[in-house]
Amino acid sequence: MKRLYILILAFILVKTSTTFAQVNGPINLTDPDEFSYLQPKDYVIAGVTITGTQYLDTDVLLTISKLTVGQYIEVPSEATSNVIKDLMAQNLFEDVQLWATRIQGENIFFEIRVKERPRLTRIDINGLSKSQTEEIQKRLNANTGRIVNDNLLQSTRNTITKFLREKSYLYPDIKIKTLKDSSQANNEIVQVDVQKNKKIKVNSVNFSGNKEFSSRELKRYLKGIRPRKWTRIFGPGKFKDEKYKEAKEKLIAKLQDKGYRDAQIIRDSVYRYDNNEVAIDIEIYEGPRYYVGNIEWTGNTKFTDSVLNIILGIEKGSVYSEEKIHTKLMGPTRNGDDISAIYQNDGYLTFSINPVIKRIYNDTIDLEIQVSEGKQYTINNVIVKGNDVTNDRVVLRSIYIKPGQKYSRELIMRSIREISQLGMFDEQKITPDIPTSTMNHDEGTTDIVFNVVEKPSDQVELSGGYGAGQIIGTLGLTFNNFSTSNFFKKEAWKPLPRGDGQKLSIRGQTSGKRYQSYSFSFSEPWLGGKKPIYFGLSAYTSSSSYGGFDYYTGRQIISDSQLQRIWMSGVTASLGKRLQWPDNYFQISSALSFQRYKLQNFGDYFLFSNGTAYNINFTQEISRNSVDAPIYPTSGSHIRLSVSVTPPYSSWNNIDYKNDPDNVRYKWTEYHKWKFDSQWYTKIVGKLILKTQAQFGYLGKYNDRTETSTFERFKLGGDGMQGFDFLQGSEIIAMRGYANGVIIPQSTGNGMQNIAINSGSPIYAKYQIELRHPIMLNDQATVFALAFAEAGNTWNKFSEVNPFKMRRSAGVGARIFLPIFGMLGIDYGHAFDPIPGMRTDAWKQSFTFSIIQSMGGF
């Protein structure tokens, strides 16, 4: 019986094996009913095919399957099951099956049947603004054809969540679903519905573990995080992950600067306080406070230890601050008196310095400052690269460091400033470079390269306006990089000869017969090309008619002889020079001007009604300009004092200024005019800049025989633009919030009539503070926002001057600098002090627009 059982079992096995070997139809190897793992058998892979693919490369899939023709494989086995696992792991398929399509003896033929996941047609995002959606689409890079799988959906969710967190939307509701695309087979559309919810602000910051510092101090050090506080006018600040990370770094840096070098944040958490706010818990470890012990210098030969200790300015026993030590050793310090500057300004290009903690005992740290002086280097060549339009000599003459001089970090920084002041290069992209290939270590020489990027510097002013029944049009062209040396070279006209750094300006303004004004100016900053001697020449002519025009049609309704008219023309020549004393930021300039004024029927508006007046004056100006950039200054100052004088005709002529006719008394204008203007730029924090300004002006007379000149007075208020003003002989001083010229002396009288006939004031003062923050700084445009407060007033004589009684205003604004148009500005100002005798809508001017062609002067 036992023998019979063995024979039957052997027969079954042989029969099964024979059947297995003779399979000609496909068998699903993943189906346990087709293949049993209890009876595996070795085969040789005779062929492998892949079916069901639409987009994927079958050769790559074969490689992933690890099924190679000619190799032995046990069927079924772990190797056959791994084919399915490895392909499914790619997250590209909804289903993968392994089939044996044919078995001939020991040869087996495989077929891998796959069903690809759907492809992405697009991602639709609902619930966000157009700009937000566009930004997210850029980050998603959601190109059509990508596989729609869990990874794609999760990546989409994470990208949107991260974007919204950056905008302070910490807890959005995001729902994602897929929709079949009826227009394309096996394609899907991913639809994302976003509910941003409210921006999250900071309710409170709670500190623990602090002993030496109060929570109030720590909150102050946590820059950028503004928790809710009843005294905070604008409420709590919005929470942003990046700002919070920076705030923690600043907090620890501040504690370390106070001597707690071991300070660290042990743990912190940000958790939801309510639907609109989060709370922050921070646990601090302060550690002990450290003090400076002994300071030992090594490697120094040029300066003794005692000299270096004086420059360092850190005494034994002072609080240990790594930031202060680093700044005093390697800079940059505000006055350029750090150790590195002292060496590098004397040629030590490769100078390096390294503070090393030599010993820590109790609360004291001994330092060893390792100095590597290197060799003094001399500049071999100064090279400029990137100036495609501007001639080399124009840039090189602005560079303070010259061939043959010792290397100097200070002169390099000054050179960068001077190049930026030219206004022809992008200030953010002026970079000095010392190529290592030019450094001769044996001889101690090197080249220095200044890399610059040209920017458009020519400007156009094109504007038009309508008022009082007339259209006023303005066209102005300013060429800031003109070249007279190439004027007669035909090939240089592209469209005008450029490259010498000269300035040519032409401007015209007209409303037809009623008003016309034309001006021309030319300046050469280096007269003769060898010395910084400035030469300028300008001329203008204008004519204006008033009264006798129909307001609605603008037509003249009386004869020319009955009109109120003024004709003005003038020419000015000026020379200037840079000074070396008291320092090389000082400049001095002189100008000689001639003006002609012709009046007809002006009644009470001037000291005389009809006749011609002449003005010959000499102006002397001294200034100091250390502003680091012309468009968006961040540091430095600009101070100017000027005096203009005319000959004192009344001292020698025999004119009776009380009884002679007007055309005799006022034929020759005489006065002395004093002006002072100071502007200071200070960096508050980050890119926030404070501008402070004070201006004063005084127009005086030589003796009591004459009246104060009716020309050259000051008119305070408005946008400061000269434009179409019936008293063009006055100097317009801007003051936002007030209408043009409405701030007149109290002794002049009140009411609109007095303002209308006011020819300006002989004395004025104005003060201004302005906070600026950039929005965009590049060669295409410079944009910054500002908030301002101003105070100013005018007086008729010194006995009336009261510097504490001012007209005040405050407001906000913005500036945009476009190279082709110059500086464009808009301000909203609120005036606090009313003008007596005038309606509010007459003396207030909330919005002010301004166009500033360029930073004038030399």
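Bear in mind that the values in this text are calculations on the coordinates, not laboratory data. If you're wondering where the values come from, they're calculated on a predicted model, not measured in any experiment. Here the Cβ is made from the backbone with ideal geometry for all residues, glycine too, and neighbour counts use every protein chain on show.
List of remarks:
- Extending 7 Å from the Cα toward the beta-carbon at both residue 839 and residue 692 defines two label points whose distance is 4.1 nm.
- The Cα atoms of region 291-372 define a convex hull whose projected area, averaged across directions, is 5.0 nm².
- Pairs from 199/245; 250/316; 138/455; 201/258 whose Cα-Cα separation, in the structure shown, is over 24 Å: 250/316; 138/455; 201/258
- Angle in degrees between helix 130-140 and the longest Cα principal axis of the chain, rounded to the nearest 10: 40
- Neighbour net charge for residue 157 - beta-carbon separation under 13 angstrom, K R +1, D E -1: +2
- Beyond 18 Å, the tail of the calculated P(r) for region 775-844 holds 57 percent of the Cα pairs.
- Approximate spin-label separation residue 166-residue 246, in nm, with each point projected 7 Å along Cα-to-Cβ: 1.4
- The alpha carbon radius of gyration of region 201-285, expressed as a multiple of 2.2 N^0.38 Å, is 1.05.
- Where Rh is the Kirkwood radius over Cα pairs, Rg/Rh for region 22-116: 0.94
- Semi-axis lengths (Å, descending) of the ellipsoid that matches the C-alpha gyration tensor of region 98-191: 40, 14, 10
- Applying 1/(1 + (r/R0)^6) with r as the Cβ-Cβ distance of residue 389 and residue 183 and R0 = 60 angstrom yields a FRET efficiency of 0.70.
- Taken over region 378-451, the alpha-carbon convex hull comes to 80 cubic angstrom per residue.
- Scanning residues 5 or more positions from residue 761 or on other chains, those with amide H under 5 Å from its amide H are 714, 715, with H placed 1.01 Å from N in the peptide plane.
- Relative exposure of 139, 713, judged by other C-beta atoms within 10 Å (fewest first): 139, 713
- Efficiency of FRET from Cβ geometry, residue 567 and residue 660, R₀ 25 Å, rounded to 0.05: 0.65
- Square roots of five times the Cα gyration tensor eigenvalues for region 351-415, Å: 42, 13, 9
- Relative packing of 435-445, 188-198, which averages over residues the other C-beta atoms within 10 Å, highest first: 188-198, 435-445
- Sorted on the mean count of surrounding Cβ atoms within 10 Å across their residues, most packed first, peptides 246-259, 648-661 read 246-259, 648-661.
- Mean residue ellipticity, 222 nm, helices only, the chain: the sum of -39500 (n - 2.57) across DSSP H runs of n ≥ 4, divided by residue count and rounded to 500, is -5000 deg cm²/dmol.
- Percentage relative contact order, the chain, counting C-alpha pairs under 8 Å, at least six apart: 5
- Relative exposure of 88, 806, 776, 568, judged by other C-beta atoms within 10 Å (fewest first): 776, 88, 806, 568
- The angle separating the long axis of helix 409-421 from the principal Cα axis of greatest extent in the chain is about 70 degrees.
- Estimated FRET transfer efficiency when R0 is 56 angstrom, pair residue 268-residue 804 (beta carbons, to 0.05): 0.65
- Only Lys, Arg (+1) and Asp, Glu (-1) charged, at Cβ; region 378-487 dipole about Cα centre in debye: 240
- Extension reserve of the residue 51-residue 126 stretch, reckoned as 0.36 nm per residue once the Cα distance is removed: 23.2 nm
- Computed lengthening from residue 298 to residue 352, 0.36 nm per intervening residue step minus Cα-Cα distance: 18.2 nm
- Cα→Cβ-extended label distance, 7 Å offset, between residue 616 and residue 490, nm: 4.6
- The angle between the Cα long axis of helix 241-257 and the main principal axis of the chain comes to about 70°, on a 0 to 90 degree scale.
- Given their separation in residues at 0.36 nm each and the Cα-Cα distance between them, residue 79 and residue 337 gain 85.5 nm when the chain is fully extended.
- Evaluated over the chain, the Cα radius of gyration and Dmax, each in Å: 40.6, 162
- Residue among 121, 100, 73 farthest towards the positive dipole end of region 60-127, charges placed on Cβ: 121
- By average C-beta atoms within 10 angstrom, highest first, the peptides 786-797, 167-178: 786-797, 167-178
- The ranking of 222, 396 from fewest to most other beta carbons within 10 Å of each one's beta carbon is 396, 222.
- For the chain, share of DSSP beta bridges that run antiparallel, in % to the nearest 5: 85
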